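The values are calculated or read from the model by the stated rules, or taken from the named source; none is laboratory data. Since this is a predicted model, take the numbers as computed values, not measurements. Don't worry about glycine lacking a Cβ; one is built from the backbone with ideal geometry, like all the others, and counts go over all protein chains shown. These area figures cover heavy atoms from the full protein model, side chains too; ligands, DNA and RNA do not enter into them. Shrake-Rupley method; radii C 1.70, N 1.55, O 1.52, S 1.80 Å.
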Amino acid sequence: MLINGGKKGYGQLGVVGQAGDTPFTGLPNTSIFDPSSESFTNLASTAHGRWYPTMTELGDGRMMSTSGLNDSDGGNNNSSEIWDGLSWSAEIPGQPNIPDFPGFVFPLYPRLHLLPTGHVLYSAPSSSALDFDPGTQTWTLAAWTIYPGTNDPNGERTYGTSVLLPLTPQGNYDAKVIIMGGDNPATNTTEIMDFSDAGQTLCNNTVGYAPCWKQGPTMVEARVEMQATILPNGKVLVDAGSTEDENPATASLKAEIYDPATNTFSSAGSNAFPRLYHNTQLLLPDGTVVLAGGNPEQGPAPPAFEPHVEIYTPAYLFNADGTLATRPTITSAPAGFAYGAPFTVQTSNPDIASVVLMRPGSDTHSFDMDQRYVGLSFTAANGSLTVTGPPNSNIAPPGYYMLFIVNSAGTPSLASWVQVQGPAAAVARVSLHPERIPTPKYIFQRKHVTEAPLQLRKEMHVH
């Protein structure tokens, strides 16, 4: 595991911008953690500090680190650097050159997704969505969000989330991204960016440019500091958060499921403990989801940090009468395979509806940087599945995945760990037309501020 950035200096209590107001500063440190030896190895540092950066794997296996606070005055490190396994690249300016808005700055933990084109989408929480071309190393304006509205100077999806929805052969591996919730008080709205031919045509015919955001369905509840986790059946578990940031009295204890096939949200049970700032939610290899953490109150002592851990068991693990569903089983699977290459999975269950790769998650601050669902083509005969590896490394970047087989009821097997590898795919040429995209009347870009215990900062945890 590659680790970059961290805390160099913790801020001191003071009125913002006045004497005694000491900002957070970030570390440039980089290290590798080897789980086999449980040891860390120090690597070359980034050019400047990065406190709260986002790490994104590119299609060729290189790792891009974006944003974070610097190591000098705590200002935003508005750049990216790319790790190639030996060294970091020169800093890539985070400047999309937006007309009428020259001061764009990446927030902390920007929501970034590798697209099947090999480009990277910055989707949230700012109002502007950007495209990054690793070939030219340039950022370009792609769209403005619908929320909060072109005439509203207040509002941004701060500590909402963003999910790259399942990439499937049935959907031609076209990307679709949903952004949800955020702001304070929180919104229950969502927006969807559809990169399919139909989605791009709709954008061009309605707003005059593509890609664009289209209004999505409303969530069951408004949420800030939320989490969203893709499940092996292709649906998304949305949970945690609150209506008012860090107010346990407004905590959401009701889970909901987003179904990309029907584009709807539905209620899905309740958790027992508030999950606010610093909560975590991850898919486990048995198809359940772990919920942990959260600090609903400021300060270092209990009850500032929630110690309870909960396991969410999705409905697909039960029959209609409440008894446990019978899982399909993987009796054998390869340790790894290459892009586009066939491989065999043995199972004792004839009723298999899908074979999927699930990227293990890496989440913090309402965003999972690594989760990814990649469906695979297969044929079945006599208890044997002949499966075709993902088409290329832009669809499934190299590394380790959980391999699930899922039956027609949506019940997944226990996962087998597999390694996907092969040659790097080329970065596609993408035609964008930022000149067609009107700049909203108001652009509300919150400045980052530090977190607890700096109570005199009026907007806690805000970018």
request  = Looking only at the stretch 140-163, count how many residues are at pLDDT 95 or above and open to solvent by less than 10 Å² (accessible area, probe 1.4 Å).
outcome  = 7
request  = Please find, within the stretch 233-291, the residue that is nearest to S354 (Cα to Cα) out of those that are touching a residue at least 60 places away in the same chain (Cβ under 8 Å) and touching a helix residue (DSSP H, G or I) at 6+ places or on another chain (Cβ under 7 Å).
outcome  = N233
ask   = Out of the residues in the stretch 348-388 that are farther than 17 Å from L165 by Cβ and aliphatic (A, V, I, L, M), which is nearest to the chain's Cα centre (by Cα)?
value = V355
message = Could you tell me how many of the residues in the stretch 377-417 are without any contact (Cβ under 8 Å) to a residue 12 or more places away in the chain and touching a Ser or Thr at 6+ places or on another chain (Cβ under 9 Å)?
response = 1
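Matching residues to (1) farther than 14 Å from D84 by Cα; (2) among the aliphatic types (A, V, I, L, M); (3) at pLDDT 95 or above:
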| residue | (1), (2), (3) |
| --- | --- |
| N4 | no, no, yes |
| K8 | yes, no, no |
| G14 | yes, no, no |
| D21 | yes, no, no |
| L27 | yes, yes, yes |
| F40 | yes, no, yes |
| P53 | yes, no, yes |
| G61 | no, no, yes |
request  = Could you please tell me which pairs satisfy a Cβ distance under 9 Å, a separation of 6+ or placement on different chains, a first residue in the stretch 347-364 that is farther than 17 Å from T54 by Cβ, and a second residue that is outside any strand (DSSP E or B) and among the aliphatic types (A, V, I, L, M)?
outcome  = D351/A409; A353/A409; L357/A396; M358/L231; M358/A415
ask   = Just one of D363, D351, D321 is within 30 Å of L114 (Cβ to Cβ) and of a type outside the set (V, I, T); which is it?
value = D363
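Can you name the residue in the stretch 17-71 that is in a strand (DSSP E or B) and small (G, A, S) and is also surrounded by the fewest Cβ atoms within 10 Å (Cβ to Cβ) among such residues? Outline the logic, then answer.
Initial filter on the stretch 17-71 (in a strand (DSSP E or B)): 22, 25-26, 30-34, 39-43, 51, 54-57, 63-66, 69.
The next check asks that each one be small (G, A, S); those that pass are 26, 31, 39, 65.
Numbers: G26: 29, S31: 15, S39: 10, S65: 24.
Of everything passing the filter in the stretch 17-71, S39 is surrounded by the fewest Cβ atoms within 10 Å (Cβ to Cβ).
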ask   = Can you tell me which residues in the stretch 372-398 are farther than 19 Å from A426 by Cβ, open to solvent by less than 50 Å² (accessible area, probe 1.4 Å) and assigned to a strand (DSSP E or B)?
value = R372, Y373, G375, L376, S384, L385, V387
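For the stretch 320-348, what are the residues that are assigned to a loop (DSSP other than H, G, I, E, B) and surrounded by fewer than 18 Cβ atoms within 10 Å (Cβ to Cβ)?
Initially, the stretch 320-348 is screened for residues assigned to a loop (DSSP other than H, G, I, E, B), giving 320-323, 325-329, 333-335, 339-341, 348.
A320, D321, G322, T323, A325, T326, T329, P334, A335, G340, A341, S348 - these are the residues of the stretch 320-348 that are assigned to a loop (DSSP other than H, G, I, E, B) and surrounded by fewer than 18 Cβ atoms within 10 Å (Cβ to Cβ).
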message = Which numbered condition in (1) hydrophobic (A, V, I, L, M, F, W, C); (2) within 21 Å of Q371 (Cα to Cα); (3) part of a loop (DSSP other than H, G, I, E, B) is the only one that F104 fails?
response = (2)
message = I need the full set of residues from the stretch 111-156 which are under 12 Å from I179 (Cβ atoms) and assigned to a loop (DSSP other than H, G, I, E, B), in order please.
response = P125, S126, S127, T145, I146, Y147, E156
